[in-house]
1. So, in region 228-276, how many residues would count as being open to solvent by 70 Å² or more (accessible area, probe 1.4 Å), among the acidic types (D, E) and touching a residue at least 60 places away in the same chain (Cβ under 8 Å)?
2. Go through L105, L64 for me and flag whichever is surrounded by 14 or more Cβ atoms within 10 Å (Cβ to Cβ), out of contact with any Gly (no Cβ under 8 Å at 6 or more places or on another chain) and more than 25 Å from Q307 (Cβ to Cβ).
3. I need the full set of residues from region 171-193 which are outside any loop (DSSP other than H, G, I, E, B), within 21 Å of F221 (Cα to Cα) and out of contact with any Asp or Glu (no Cβ under 9 Å at 6 or more places or on another chain), in order please.
4. If I go through region 303-323 residue by residue, how many of them are under 23 Å from P220 (Cα atoms), open to solvent by less than 60 Å² (accessible area, probe 1.4 Å) and in contact with an Asp or Glu (Cβ under 7 Å, 6 or more places away or on another chain)?
5. For region 207-217, how many residues meet the condition of being out of contact with any Ser or Thr (no Cβ under 9 Å at 6 or more places or on another chain) and either open to solvent by 50 Å² or more (accessible area, probe 1.4 Å) or at pLDDT 95 or above (or both)?
6. List every residue pair whose Cβ atoms sit under 9 Å apart, with the two residues 6 or more apart in sequence or on different chains, where the first one lies in region 292-316 and is more than 23 Å from G173 (Cβ to Cβ) and free of Cβ contacts under 8 Å to residues at least 60 places away in the same chain and the second, anywhere, is open to solvent by 30 Å² or more (accessible area, probe 1.4 Å) and part of a strand (DSSP E or B).
7. Looking only at residues in region 283-302 that are open to solvent by 20 Å² or more (accessible area, probe 1.4 Å) and part of a strand (DSSP E or B), which one is farthest from F239 (Cα to Cα)?
8. As an exercise: evaluate N151 against (1) free of Cβ contacts under 8 Å to residues at least 12 places away in the same chain; (2) buried (at least 16 other Cβ atoms within 10 Å of the Cβ); (3) not hydrophobic (A, V, I, L, M, F, W, C) and give the number of the one condition it does not meet.
Amino acid sequence: MLKFLTLPILFFILGTSTAEATPLGTIPTIQENNLQLTFDFRSDLWTSPMSYKDSPVRIMLADLRSPLFKTETWSASAAIYSESLNLGRADFQLGQKQIFIGNSLRHELGGIGVRKNFSDGASASAYAAYVTASDVPWGTPRNDYFYGSVNYRTALVDNHQWIFAIDQNNNRGIYNGTPFPYFGVIYNKESKWLVAAGFPFVHFMYKTEKEWEHDFRLTPFGINYSAVKPVDANAVFTFKTAVTVRSYLYDQRTEDDARLYYQEVMIEGGVKRYVSADTAVTFALGGAIDRRLYESERVYRPSSALQVIDNDYYGRLGVEFRL
């Protein structure tokens with residue numbers, strides 16, 4: 001499950017968006033303002049779709065986030081999300097085991113989030129979703145699961161605030177199906193930079209005088225760095241690099257606790273242009289290397305030999321509507 005290597009609860013803690021391809025465990029945030037609809041398509045460029053051995057890897061995404069209500073103290077939103085990963089072929093050799101994967105590995109969810117803002121500046125959030133992540137989504141109950149999280153953020157005191165959270169997730173990559181705690185501190189200085197550190201994450205954001213915005217994240221699942229700079233009044237240049245991991249409860253697994261992991265290192269640059277007040281289009285070119293497929297009960301600990309997928313350049317097209 002996948003928009004960049006980070007734990008799901010961090011999106012509530014730090015207020016980050018998830019509108020592109022999603023790394024392990026990520027889910028949409030609480031949407032307080034406009035309805036947001038995002039479509040994203042990424043495809044390898046130089047492999048041939050007519051070749052069985054060298055077919056392009058493709059990732060397609062649709063993300064709908066809609067506010068339900070908002071008052072001075074309460075806000076709530078709903079989310080519907082679907083991502084499809086097509087690895088270009090159906091059968092893979094993992095050690096001594098040959099597995100067959102359906103046409104695509106899909107991650108889909110429907111969920112609701114609620115936030116309460118207190119008079120002293122503190123806030124509390126809760127999110128619940130029903131999720132599937134499989135080559136046979138919604139096929140059998142063992143391919144689907146409940147995701148839930150609650151978190152509390154203290155009031156801002158001397159530019160910092162504490163965060164405490166717990167989540168329940170059967171596809172986290174570590175301690176699947178077990179409630180997992182998070183805690184840390186956020187330090188925000190003059191709206192130019194933000195640092196959040198705790199267990200088990202680090203997040204750093206910084207805006208330079210030349211209008212560059214830098215964002216760095218470190219979690220148990222890897223590292224993600226992105227940068228944005230305005231090109232003109234209607235466009236921004238974007239750059240990002242990350243290690244991403246996607247996890248699936250694939251249908252042919254013999255053990256319920258086993259997961260199929262797709263891991264890659266990616267780097268891309270692109271331009272996001274606002275073609276109207278409520279529509280933005282993104283064009284990006286990048287490369288994906290060190291692509292691996294493996295089975296395991298825990299991320300980064302393959303229980304069988306890795307299946308290597310060829311490196312390739314890719315193109316990505318995204319469209320975002322805020323209505």
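1. Residues in region 228-276 being open to solvent by 70 Å² or more (accessible area, probe 1.4 Å), among the acidic types (D, E) and touching a residue at least 60 places away in the same chain (Cβ under 8 Å): 2 in total.
2. Numbers: L105 fails: more than 25 Å from Q307 (Cβ to Cβ).
Answer to the check: L64.
3. Those that are outside any loop (DSSP other than H, G, I, E, B), within 21 Å of F221 (Cα to Cα) and out of contact with any Asp or Glu (no Cβ under 9 Å at 6 or more places or on another chain): F183, G184, V185, I186.
4. 1
5. The number of residues fulfilling the criteria is 4.
6. Pairs that qualify, where the first residue is more than 23 Å from G173 (Cβ to Cβ) and free of Cβ contacts under 8 Å to residues at least 60 places away in the same chain and the partner is open to solvent by 30 Å² or more (accessible area, probe 1.4 Å) and part of a strand (DSSP E or B), are N311/I289; N311/D290.
7. R292
8. Only one criterion in (1) free of Cβ contacts under 8 Å to residues at least 12 places away in the same chain; (2) buried (at least 16 other Cβ atoms within 10 Å of the Cβ); (3) not hydrophobic (A, V, I, L, M, F, W, C) is unmet by N151, namely (1).
The values are calculated or read from the model by the stated rules, or taken from the named source; none is laboratory data. On a predicted model such as this, the values are computed, not experimentally measured, just so you know. A quick note on method: Cβ atoms are made from the backbone with ideal geometry, for glycine too, and the neighbour counts reach across all protein chains shown. Protein only, heavy atoms only, side chains kept; ligands, DNA and RNA dropped before computing areas. Shrake-Rupley method; radii C 1.70, N 1.55, O 1.52, S 1.80 Å.
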